[in-house]
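Have a look at the structure below, then the notes.
Bear in mind these aren't lab numbers, they're just calculated from the coordinates by the rules spelled out. From a predicted model like this one, the values you see are computed outputs, not experimental measurements. Every residue, glycine among them, receives a Cβ derived from its backbone with ideal geometry; neighbour counts consider all protein chains shown.
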Amino acid sequence: MPPAVELRGVDKWFGDVHANRDVSLTIEGGTIHGLVGENGAGKSTLMGILSGYHQPDRGEVLVGGRPVTIRSAQEALALGIGMVHQHFMLVEPFTVLENVVLGAERGFRLDAGLKRARAELQRLARDYHLEVDPDARVESLGVGERQRVEILKALHRGADVLILDEPTAVLTPQEADHLFRILGSLRDEGKTVVLVTHKLREIAEATGTVTVMRQGHVVATLPTAETTAERLAELMVGRLVSLRVDKSPSRPGEPVLEVSALVVADALGVPRVNGVSFTVRRGEIVGVAGVAGNGQSELLEALSGIRPVTSGRVRWKGRELTGADRSPRALRRLGLAHVPEDRQRTGLIMPFAAQDSAILGYHAEPAYNGALRLRRGAVAASFRRQANEYDIRPRNGARRTSAFSGGNQQKIVLARELNRHPDLLLVGQPTRGVDIGAIELIHLRLVALRDAGKAILLVSVELDEILALSDRILVMHAGHIVGNVPREEATEHTIGRLMAGVLES
Ligand SMILES: Nc1ncnc2c1ncn2[C@@H]1O[C@H](COP(=O)(O)OP(=O)(O)OP(=O)(O)O)[C@@H](O)[C@H]1O
Ligand SMILES: [Mg+2]
């Protein structure tokens, strides 16, 4: 049997960036093949070559032993290669069903196609427990649900080789376990899965073979059973990495944020946050745990001023905030910073130069403004400082934001918000899509901010991350806070039960 997919001596440049360097890689059919590497190592680029989004500048691609040229996603699909992207490629105003069918219409009559697709979607959703409402508009879905639509879309097209680029970045550990069972059964049916991930636990649990990339090169391909997380981390970054967070017990001071009976409704008037009350004090990290879609996102958006509050009170350092205080700009002036969950939609402006994205929301500050215009030199210098401090690659801030890899985009947002030493940091999914070296750095920064007496409200669907960082854990379920647990009393099991809506009596 020829390998399902093979790359031979592939090079890819983006301008002067050499994203893939002489890459040779063999992916055997009927396996789950892991792909790991630092942010910017070239993983997505390589997968983009296989799925028709990029053309290699040199080298060969073989599918089923046959040399091929893959010029588009359609051509990739015709060869049986389907990709679930790291950043969603859905049409927001369309429904789930329409998105699944889009580009895969068979026959002339759309309604007949839609009917077939609906039945197929229901079967896939049932078999794989990837439940989403086929008639829901994508724009109304949370990130977790959007991801499920992407997976359904690829499965619907009958991909034989399914490439998943960080598919679990937005899933809870339970949802991820579930996905891996699905991937396991796809493999057992003879399909091939390529899994790009930053989570080494997933590599250990799900893959048979793992390839490590570093700075465009493939540095190793190993049987998973013959390696360890520590060894992979070292191959990825070229140094030993600490996979644990060291921090002292918190010493909370006075309240910075007091929220009472907060209700936040969505565009349809459905309450997503339904009467929550809690306090965040100086010097503590309060974690908000929950399965994606239980109101955490809306809570964060409302507190940061980008989503209207329906009712309830919010006090800032003891003073009640009025409607006028709640604009994002007014809140920022008070000393609140926000790292949104979805960096591409609300954190950055993709066509802007990275150095301009790096001052979004702060562009009116005197440091960046001369008498008449933006001080370009100061903006560029500020980016260089942040890039050095947070190891943002490449260092060149004149490049477009969209040309930075996912993890590096995340670092741009984090550096921007953390560098203001805010009194309260609202932070959503701070390490989504970020490599382990950078996770270590981001966790250290958050703990340092706390130790400097600042307050942090952390929303994360990564239970590991909540447990590693939080001093106190709020658990959200169906818009309510169903648990407020001091860190020392929390275990994966107790928090997991609360997240699932199992209430302690
Ligand atoms: N469309 C593009 N235009 C210009 N440069 C790009 C483009 N896409 C990627 N690059 C650059 O190519 C390099 C590899 O990026 P790639 O997205 O493949 O990394 P990655 O390994 O997937 O990283 P991450 O883990 O952060 O997703 C990076 O330096 C990136 O900035
Ligand atoms: Mg990537």
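May I ask you to evaluate 6.51 cos²θ - 1.76 cosθ + 1.60, the Karplus curve with θ = phi - 60°, for each residue of region 65-82 and list the ³J(HN,Hα) values in order in whole Hz, giving x for glycine and proline?
x, 10, x, 9, 10, 10, 8, 7, 4, 5, 5, 4, 5, 4, 8, x, 10, x
Label Arg137 and Ala500 with points 7 Å out from Cα along Cα→Cβ: what is the distance between them in nm?
Here the answer is 3.5 nm between the modelled labels.
Compute the FRET efficiency between Met1 and Ala220 as 1/(1 + (r/R0)^6), taking r as their Cβ-Cβ distance and R0 = 22 Å, and round to the nearest 0.05. Mind dumping the intermediate values first?
Numbers: r = 24 Å, r/R0 = 1.08.
Calculated transfer efficiency: 0.40.
How much length is gained if the chain between Ser311 and Val17 is pulled fully straight, taking 0.36 nm per residue apart and subtracting their Cα-Cα distance, in nm to one decimal?
Numbers: separation 294, 0.36 × 294 = 105.84 nm, distance 5.00 nm.
The span from Ser311 to Val17 would gain 100.8 nm if fully extended.
May I ask you to evaluate 6.51 cos²θ - 1.76 cosθ + 1.60, the Karplus curve with θ = phi - 60°, for each residue of region 272-279 and list the ³J(HN,Hα) values in order in whole Hz, giving x for glycine and proline?
Coupling constants for region 272-279: 9, 10, 10, x, 9, 9, 6, 10 Hz.
To the nearest 0.05, how large is the calculated FRET efficiency for Arg181 and Arg244 if R₀ is 41 Å and r is the Cβ-Cβ distance? Don't skip to the end; give the middle numbers.
Working: r = 28 Å, r/R0 = 0.69.
Here the calculated transfer efficiency is 0.90.
Calculated from DSSP H runs of 4 or more alone, at -39500 (n - 2.57) each and per residue, what is the 222 nm mean residue ellipticity of the chain, nearest 500?
On the way: 16 runs with 163 residues, N = 505.
Calculated from helices alone, the mean residue ellipticity at 222 nm is -9500 deg cm²/dmol.
Counting DSSP beta bridges in the chain, what percent are antiparallel, to the nearest 5? Don't skip to the end; give the middle numbers.
On the way: 45 of 80 bridges.
Approximately 55 percent, going by the DSSP bridge assignments.
Around Arg400, which amide H atoms from residues at least 5 apart in sequence, or from another chain, sit under 5 Å from its own amide H, with H modelled in the peptide plane?
Ala354
Set the bar at 32 Å for Cα to Cα. Now go through Lys43/Lys115; Lys199/Lys454; Lys43/Lys191 and name every pair that lies beyond it. Please report the intermediate quantities before stating the final value.
Working: Lys43/Lys115 37 Å; Lys199/Lys454 29 Å; Lys43/Lys191 21 Å.
With Cα atoms farther than 32 Å apart: Lys43/Lys115.
Can you return the aspartates and glutamates within cross-link range of Lys12? Criterion is Cα-Cα under 20 Å, with same-chain partners fewer than 8 residues away left out.
By straight Cα distance, Lys12 reaches Asp22, Glu38, Asp57, Glu60, Glu75, Asp165.
Under the rule of at least 5 residues apart or a separate chain, name every residue whose amide H is placed under 5 Å from the amide H of Val194.
It is His33, Leu162, Ile163, Leu164, by chain and number.
Measure nothing fancy, just the Cα-based angle from helix 143-156's long axis to the longest principal axis of the chain, in degrees from 0 to 90, nearest 10.
Approximately 10 degrees, to the nearest 10.
Calculate, in nm to one decimal, what Glu389 and Phe94 gain on full extension: separation in residues at 0.36 nm each, minus their alpha carbon distance.
On the way: separation 295, 0.36 × 295 = 106.20 nm, distance 4.10 nm.
102.1 nm is the gain from fully extending Glu389 to Phe94.
According to a simple spin-label model (label point 7 Å from Cα along Cα-to-Cβ), what is the distance in nm between Arg329 and Arg373?
Taking the simple label geometry, Arg373 and Arg329 are separated by 2.2 nm.
For region 404-460 and region 193-263, what is the centre-to-centre distance using only Cα atoms, to the nearest Å?
15
Can you list residues from other chains, or at least 5 along the same chain, whose modelled amide H is less than 5 Å from the amide H of Val339?
Leu426, Val427, Gly428
Please compute the length gained on full extension between Ser24 and Thr69, using 0.36 nm multiplied by the number of residues separating them and subtracting their Cα-Cα distance.
Values: separation 45, 0.36 × 45 = 16.20 nm, distance 1.62 nm.
That pair, Ser24 and Thr69, stretches by 14.6 nm at full extension.
Rounding to the nearest 10 and keeping the result within 0 to 90°, find how far the Cα-based axis of helix 110-128 lies from the longest principal axis of the chain.
Taking Cα atoms only, the helix is inclined about 80 degrees.
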